[in-house]
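Written below as structure tokens is the structure these notes are about.
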Amino acid sequence: MNFYAIRAIYHFEMSRAWRTLMQSIASPVISTSLYFIVFGAAIGSRMAEIDGVSYGAFIVPGLIMMTLMTQSISNASFGIFMPKYAGTIYEVLSAPISYVEIVIGYVGAAASKSVILGLLILLTSEFFVSFTIQHPFWMLFFLFLTSITFSLFGFVIGIWANGFEKLQIIPLLVVTPLAFLGGSFYSITMLPEIWQKIALINPVVYLISGFRWSFFGVADVHVGISIGMTLFFLAVCLALVGWIFKTGYRLKN
């Protein structure tokens, strides 16, 4: 394993985040704070508790998870797309490093930025609502696993996209709607029975449910199923990345 190569890619990607601190870190934190003000204070004051948890605290895991997913995809897709766009990807591919090391460098940096952002939002939420985390280990487990999984997904999108417009298609038209419909701001048990069954088709439901369980001990689906679905999506993303490098899809042409 060429750790020097991994470190070089990782440091380059992380330094780009620090150079664009307002866009990479400050903007998502400010946006999430606005969600707390609108949903937690304005709407939450008019809503009863959900599963024994105040509404302001109930939406904390959903907001963190929604930010993790969107930012992980954005960081990873942009990180690999720019070398493709500038033509410097060929220098990376011709270097004496393996595809595994390339993926670890790019995905590791994207996941690291998402984890830092998630922890910052967690700290920021303390200024708006009061809550305790019942299962800190599992909270960190879901935090890291989701960041890595969606960073891999973003890496695939960055390879697939052949223009800046395509970088935003899946995050805006697929991931964000699924996050809003996946129980970020409500429990799916509040829906009519038929819609509860339909909601279970949404994979984001399992991510948010498992993450919320780590906070409050309540979940829409069993936590074991949430972990299994997340690991399954991780395996699918790994398989796609492996296929891309094996075939050279949109890398060698």
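So that you can scan it fast, the table gives a plain yes or no per residue for (1) acidic (Asp, Glu); (2) at positive phi; (3) in a helix (DSSP H, G or I):
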{"site": "Ala48", "(1), (2), (3)": "no, no, no"}
{"site": "Met66", "(1), (2), (3)": "no, no, yes"}
{"site": "Ser72", "(1), (2), (3)": "no, no, yes"}
{"site": "Tyr90", "(1), (2), (3)": "no, no, yes"}
{"site": "Pro96", "(1), (2), (3)": "no, no, no"}
{"site": "Glu101", "(1), (2), (3)": "yes, no, yes"}
{"site": "Ile133", "(1), (2), (3)": "no, no, no"}
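Please work out which one of (1) under 14 Å from the mean Cα position of the chain (by Cα); (2) more than 22 Å from Val38 (Cα to Cα); (3) of a type outside the set (D, E, K, R) is the condition Thr176 fails and give its number.
(2)
List every residue pair whose Cβ atoms lie under 7 Å apart, where the two residues are 6 or more positions apart in sequence or sit on different chains, the first residue falls within the stretch 178-201 and is among the charged types (D, E, K, R), and the second residue, located anywhere, is loosely packed, with under 14 Cβ neighbours inside 10 Å and part of a loop (DSSP other than H, G, I, E, B).
Close Cβ pairs satisfying both conditions: none exist.
Keeping to the stretch 193-209, report how many residues are in a loop (DSSP other than H, G, I, E, B) and of a type in the set (Phe, Trp, Tyr).
Matching residues across the stretch 193-209 total 0.
Being buried (at least 21 other Cβ atoms within 10 Å of the Cβ), of a type in the set (Val, Ile, Thr) and out of contact with any strand residue (DSSP E or B) (no Cβ under 8 Å at 6 or more places or on another chain): is that true of Thr247 here?
no
Considering only residues that are part of a loop (DSSP other than H, G, I, E, B) and either aliphatic (A, V, I, L, M) or touching a residue at least 60 places away in the same chain (Cβ under 8 Å) (or both), look in the stretch 210-251 and name the one that is nearest to Trp138 (Cα to Cα).
Applying the filter and picking the extreme gives Gly217.
Taking the conditions exactly as written (at pLDDT 90 or above and either more than 18 Å from Leu167 (Cβ to Cβ) or over 18 Å from the mean Cα position of the chain (by Cα) (or both)), does Val129 satisfy them or not?
no
The values are calculated or read from the model by the stated rules, or taken from the named source; none is laboratory data. Everything numeric here is computed off the predicted structure, so don't read it as measured data. Ideal geometry is used to build each Cβ from the backbone, glycine not excepted, and the neighbour counts take in all protein chains shown.
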